[in-house]
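Bear in mind that the values in this text are calculations on the coordinates, not laboratory data. Keep in mind it's a predicted model, so treat the numbers as computed, not measured. Cβ placement follows ideal geometry from the backbone for every residue including glycine, while neighbour counts extend to all protein chains displayed.
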Amino acid sequence: MTDLLQPHAIGQDLVRRDGELKVRGTATYAYETPVEHPAYAHPVQATIARGRVTAMDTAAAEALDGVLAVLTPFNAERLADASDAEYAVLQGQDVGFRGQLIGVVVAETSELAREVADGIAVRYDEQPHDAELSADRPDLYAPEQVNAGHETDTAEGDVAAAMAAAEVTLERTYSTAMYHNNPLEPHATTALWEPAGDGFLTLWDSTQGVHPDRAAVCQVFGLDQEQVRVVCPYVGGGFGSKGLPHANVMLTALAARALPGRPVKLALTRQQMFVLAGYRTPTIQRMQLAADSRGRLSAIAIDVVEQTSKVKEFAEQTGVPTRMMYASPSRRSTHRLAALDVPIPSWMRAPGECPGMFGPEVAMDELAEELDIDPIELRVRNEPEVDPETGKPWSSRNLVRCLREGAERFGWSGPRAHRDGDWLVGTGVASSVYPTMRQATSTANLRYEDGRYVAEIGAADLGTGAWTILPQITADALGVDVADVDVRIGDTRYPVASVAGGSSGTNTWGSALVVAAREFRTKFGADPRDGDEASGDVDQAAQDDTHSPYAFGAQFVEARVNADTGEIRVPRLLGVFGVGRVVNPRTARSQLIGGMTMGLSMALHETSAWDPRIGQVANHDLAEYHITVNADVGEIEAHWIDEHDPYVNVMGSKGIGEIGIVGTAAAVVNAVHSATGVRVRDLPVTLDKLLPGLP
Amino acid sequence: MDAEITLRVDGEAHRLTVDTRTSLLDALRERLGNTSPKKGCDHGQCGACTVLLDGDRALTCLALAVAHDGAEITTADGLAPAGELHPVQQAFLDSDAFQCGYCTPGQVCSAVGVLDEFERGWPSHVTEDLTGRPEMTSDEVAERMSGNLCRCAAYVNITPAVQQAGGAR
């Protein structure tokens, strides 16, 4: 247990410090770095889904005026470490998925680089590919573990026996679509190798973590950390896709190495982002629930099938939330993967929890309907005293409070469905959850400089508000006005910081800043001199592992479905969350409504239409891959309860970047069902799935 | 093939040579170093590259620079002198109408265009009475701002920001 920081600056509704730059457009993103005489790179991509590049005709391209370099698997330098097949760009001739990087052209202008890259003739030895996920493939396998180090399978009690003995059982299969992160800023890098010496590389890269980015680049190129600097003050969104570097970063560094002293810029096109920047795997979730007539669960099980790439394994931990969400004596979760000739899946906002709270939360709604119990009451009846997975007490668990307060605010009581002219109206609810994490490594440096406190930490702000809230935390740790504190982030010249991922940034970096501030006060007292300096490491902050730390929430949706056309509108979305202490209500609210809106988008608008015949996303642009636009949203409200959690960290804060997207899609499906009587079990909910069942 | 053109950007005239394939967006970003308009899709699908082109909001990724010789362009950076903010920019700050900021200059320019379109009485797809002046309702604003995608999804803050700026005019 920790004595929480006394909040003064924490909790204040402060305007973003980077706001003025952003509304003018003068915040500098990676591609925009002002550099002398840049060259422009454009990738060459494989046009087959599987096989081998046998020849590339680059002679004409190389002879063109303005072309500076053409790199292919046949002439590119050998990388120091090619063990990560995603990063081993141009190291071999094998093609593992359509669109894989097989070359790069660097030229004086972006137009020329693109023209030349598109014109290079490539000969292949093409082989048949296998790119279709299904739950009955004979070659499904169990990975060694799933993302974030979770166990692949878990089992407790006897689900089959409980299913056989139960008064009520439910067995259903749910599926979620393939989704692409699609941050508005395409993945982009400006790279510069110093022209002389033993090699110094600067990367201005769009990344959720300059330090993890640098570590990966050093590994691949065989460089020491001191030889590489990564800079990224602003990130145009990431949602997980910039959490780990992708092949484009290595390709840009490789291209720049061919032109020492010349900065090289490479931004992926929107189409390339559907191939090279990671995505959320489609999931197939078989759910089993067993309950007594009062709705008390005796079994809960989820068996997940999803895909990975033969090139590199990524196993989304979709079954994980089922392990801890509700009380039940018998429980099972499994993950099976199909390894396909497809691009490499990766992190997308709330990997695991986001898809993994779809099946279970729709299943709970179906069970409530079966039992004729209010869906909120059903959840309340299955509230676990302790974490069912670990047996540990919760650091704080306020799901029921969120459900009750949400019901009150939303106006849940009374009939859930009615007809309003041509519109069928219904309401739905679902629970949210996200683990509260703190990473093991982060260090902050704090210096007194010209009468101000200056903290440095290599953290990232992808729109989350880190530029604004880290000074709030530092100010309270020092006991000074927030206006007297500067925090500098986004550069490996500042001390090591963990990735902005797993909703752990504030928890981790804030903890390090507090340790640094306390160390500073211990060393120098209340009246420091110019240049006084101290540092703090998150490792030194007490880590409580006796409690199970999670944030919980409840999402409420009103859906309207046109009885004639099946058109679906969501005029109201309301969430109540228990996320510990909120550092800045303004930026927190934006993150929560942003997550909820992305959940609405997942429910109704987004799907990557995969064509297994050619191994490609057919709708690979923003006209056809629909994301929710302004006219698609109605009222969206995010609230949080007053929650005191002394076990998570010294700020008492839980992560808020991801929980907003968790459960939203299930709440939409449940509302659409209450409006229409049609239960859609495969996302997204589109009118073609509703029309046959409308009254 | 190259062509020499003149662009007046944020009040300053520039003489520059462009490839005839160069989009207005790339001319601004890669030739003139004005990176206020952003490239999100390069296909006119996201709105991040929106500027005011001869007074109207326009997608610079869908315009060829060579076709706009002599054009007057205002980017989000040119809406107000350094150190000051345009009412739309102030409203975006007040409403926290952005997170990552990448779509924001396009949203801001689009909003300035929208307010001007209201002023001129232009109807939209959701305007019911085509004979009167459209009211600046949230439905009207949301409809008119829907060409500007925001993946951080600040929409419910963007709409009131535009209305606030509209009321302040």
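Numbers at a glance
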item: Charged-residue dipole, Cβ positions (Lys, Arg, Asp, Glu), the protein assembly as shown about Cα centre, Debye nearest 20; result: 540
item: Test item: Cα-centred dipole of the range A:180-337, Lys/Arg +1 and Asp/Glu -1 on Cβ, debye; result: 660
item: Protection proxy ranking, peptides A:497-504, A:17-24, A:289-296, average beta carbon neighbours within 10 Å, highest first; result: A:497-504, A:17-24, A:289-296
item: Two-site label geometry, B:Ala13 and A:Ala148: point separation in nm, points 7 Å out along Cα→Cβ; result: 6.0
item: The range B:2-78: antiparallel DSSP beta bridges as a percent of all, rounded to 5; result: 90
item: For A:29-35, mean number of other protein chain Cβ atoms within 10 Å; result: 3
item: Amide H contacts of A:Gly103 (H built 1.01 Å from N, under 5 Å, at least 5 apart or other chain); result: A:Val44
item: Among A:Ala191, A:Asn507, A:Gly96 - extreme Cα towards positive end, dipole of the protein assembly as shown, charges at beta-carbon; result: A:Asn507
item: Environment charge at A:Asn182 (Cβ cut-off 15 Å; Lys +1, Arg +1, Asp -1, Glu -1); result: +2
item: Separation of alpha-carbon centers, the range A:427-447 and the range B:109-162, rounded to whole Å; result: 36
item: Length released on extending from A:Glu126 to A:Glu385, taking residue separation times 0.36 nm less the Cα-Cα span; result: 87.5 nm
item: Extension gain (nm, one decimal) between A:Phe200 and A:Asp527, 0.36 nm per residue minus Cα-Cα; result: 113.7 nm
item: Highest-MSF residue in chain B out of B:Val156, B:Val108, B:Val66 [GNM, Cα springs under 10 Å]; result: B:Val156
item: Between the range A:379-424 and the range B:52-84, the alpha-carbon center distance in angstrom; result: 49
item: Per-residue ³J(HN,Hα) for the range A:114-127, Karplus 6.51 cos²θ - 1.76 cosθ + 1.60, θ = phi - 60°, Hz, x for Gly and Pro; result: 5, 4, 5, 4, 6, x, 6, 7, 10, 10, 10, 9, 7, 10
item: Mean ellipticity per residue at 222 nm, deg cm²/dmol - from DSSP H runs of n ≥ 4 across the protein assembly as shown, formula -39500 (n - 2.57); result: -7000 deg cm²/dmol
item: Peptide A:184-190, shielding by other chains (average Cβ, 10 Å cutoff); result: 5
item: Paramagnetic reach from A:Asp545 in the range A:495-525 [backbone N under 18 Å; point 7 Å along Cα→Cβ]; result: A:508
item: Magnitude of the charge dipole, the range B:87-168, Cβ model with Lys/Arg +1 and Asp/Glu -1, debye to 20; result: 280
item: Spin-label model distance (nm) - B:Asp2 vs B:Glu128, 7 Å beyond Cα toward Cβ; result: 5.9
item: Whole-Hz ³J(HN,Hα) from phi, Karplus 6.51 cos²θ - 1.76 cosθ + 1.60, for the range A:442-450, glycine and proline x; result: 5, 10, 10, 10, 10, 9, 9, 9, 6
item: Extension gain from A:Asp3 to A:Glu370, taking 0.36 nm per residue of separation minus the Cα-Cα distance; result: 127.5 nm
item: Gap separating the Cα centres of the range A:126-149 and the range A:465-535, nearest whole Å; result: 44
item: Length-normalised contact order of the range A:439-540 in % [C-alpha pairs under 8 Å, at least 6 apart]; result: 41
item: Under the Karplus curve 6.51 cos²θ - 1.76 cosθ + 1.60, θ = phi - 60°, whole-Hz ³J(HN,Hα) for the range B:18-34, x wherever Gly or Pro sits; result: 10, 5, 5, 8, 5, 6, 4, 4, 5, 4, 5, 6, 9, 9, 9, x, 9
item: Bridge type composition, the range A:303-424 - antiparallel percent by DSSP, nearest 5; result: 20
